Every structure is written in C-alpha cells, then in structure tokens.
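Below is one structure, written out as structure tokens; the observations come after it.
The values are calculated or read from the model by the stated rules, or taken from the named source; none is laboratory data. Worth saying up front: this structure is predicted, and the values here are computed from it rather than measured. Cβ placement follows ideal geometry from the backbone for every residue including glycine, while neighbour counts extend to all protein chains displayed.
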C-alpha cells in the first residue's frame, strides 16, 4: 500500500519519500526514471483517482513529521528524474540551487500550475524558476499563502495523472 521513493532532499542529500502505491507492483519504477504519463498503463484504476486528487502524496506528511520534508518548499524530485533522457540538472543551469532549502509537501510551483509530468525542457525550467522564486522570496506569509492555496489548486487536475 505504501512505498518509498528516493528523492533529492536538503543539500542534495537523498531522502526516502513515502507515497501510496498507485501502480501495478510488477510494472512500477521505484527510481522514477520513467515518469508517469497520461493514460499510463502502469497505473491502476484506483491509482488514477488517487494520483489525480494527489491523495497518493498524503503519506509525505509523515516525512514532514519526521523531518525529511517541510510542509512548504520546492517539491522533491526523484533522483533519476529525466526529460528527453537528460537529468534535470543537465537541462537547467543552477538546478541544484533548489536544494538549498528543505523540500516540501507542497510548493509555489505546484499552486501555480507546474505540477505533473515533465515531458519538455521548458516544464522543468519553469518549475525550477518558480522554486527559486520561492527560495529567494521566502516569508511566513508566502508559506501561509501556499498552504491556503494548495487545496484550491488541487481542483486543477489538468496535469495530474
């Protein structure tokens, strides 16, 4: 029911992030090298629902409780995440600057529509741009705003699958 996925944490240290399982066990990719795509046959029927509604992310509150994640911050990407067979750090100059703060369960990029599949270089560049904006403009007010807007942003399921 739960599984752990290796992600980039604070200072680029690997962390194990908890998630509800949404894929068939024999077809899952624990490294997340092959990102989930729209109508991905590896995702179960229940998995489609929990991914669309982001319920699969709820176990990450345990990560926040135990200290590897913050409630708000740049979302942690899988260590081997790629776009067009290139690691994110190969696509975006300064990508690792987003790891100078603790990653979060939710973030500025997510509430601004930059969640879901990263199938183009532009998508990872934009997500990183929003993450760096958050880091450079951090305030308690910004965190509270993100926490308030997160449930509202979940209604936009266009990029969630």
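Here residue 45 passes the criteria (1) at pLDDT 90 or above; (2) buried (at least 18 other Cβ atoms within 10 Å of the Cβ) except the one numbered (2).
Of the residues making up the range 37-57, those that are part of a helix (DSSP H, G or I) and in contact with a helix residue (DSSP H, G or I) (Cβ under 7 Å, 6 or more places away or on another chain) are 50, 56. Any idea how many residues of the range 3-21 are more than 12 Å from the chain's Cα centre (by Cα) and not in a strand (DSSP E or B)? Qualifying residue count, the range 3-21: 5. Number of residues in the range 57-85 that are modelled with pLDDT of 90 or more, more than 20 Å from residue 145 (Cα to Cα) and surrounded by fewer than 19 Cβ atoms within 10 Å (Cβ to Cβ): the value is 5.
When the helices (runs of 4 or more DSSP H) confined to the range 58-129 are screened for residues that are farther than 22 Å from residue 3 by Cβ, those reaching at least 2 such residues are found at 88-91, 108-111. Scan the range 111-122 and give yes if some residue there is touching a helix residue (DSSP H, G or I) at 6+ places or on another chain (Cβ under 9 Å), surrounded by fewer than 21 Cβ atoms within 10 Å (Cβ to Cβ) and under 14 Å from residue 147 (Cα atoms), otherwise no. Taking every residue of the range 111-122 in turn, at least one turns out to be touching a helix residue (DSSP H, G or I) at 6+ places or on another chain (Cβ under 9 Å), surrounded by fewer than 21 Cβ atoms within 10 Å (Cβ to Cβ) and under 14 Å from residue 147 (Cα atoms).
Determine, yes or no, whether residue 108 is crowded, with 18+ Cβ neighbours inside 10 Å and modelled with pLDDT of 95 or more.
Working: crowded, with 18+ Cβ neighbours inside 10 Å: yes; modelled with pLDDT of 95 or more: yes.
Taking the combined requirement at face value, the residue satisfies it.
A single entry from 149, 154, 142 fulfils the requirement of being touching a helix residue (DSSP H, G or I) at 6+ places or on another chain (Cβ under 6 Å) and more than 21 Å from residue 85 (Cα to Cα): 149.
The single condition from (1) farther than 24 Å from residue 91 by Cβ; (2) surrounded by fewer than 19 Cβ atoms within 10 Å (Cβ to Cβ) that residue 146 fails is (2). Among residues of the range 45-69 that are more than 14 Å from residue 104 (Cβ to Cβ), those with a Cβ under 7 angstrom from a residue that is loosely packed, with under 13 Cβ neighbours inside 10 Å, sequence gap 6+ or separate chain, pair up as 59/2. Of all residues in the range 109-161, those satisfying the criterion of being within 13 Å of residue 74 (Cβ to Cβ) and touching a strand residue (DSSP E or B) at 6+ places or on another chain (Cβ under 7 Å) are 124, 143, 146.
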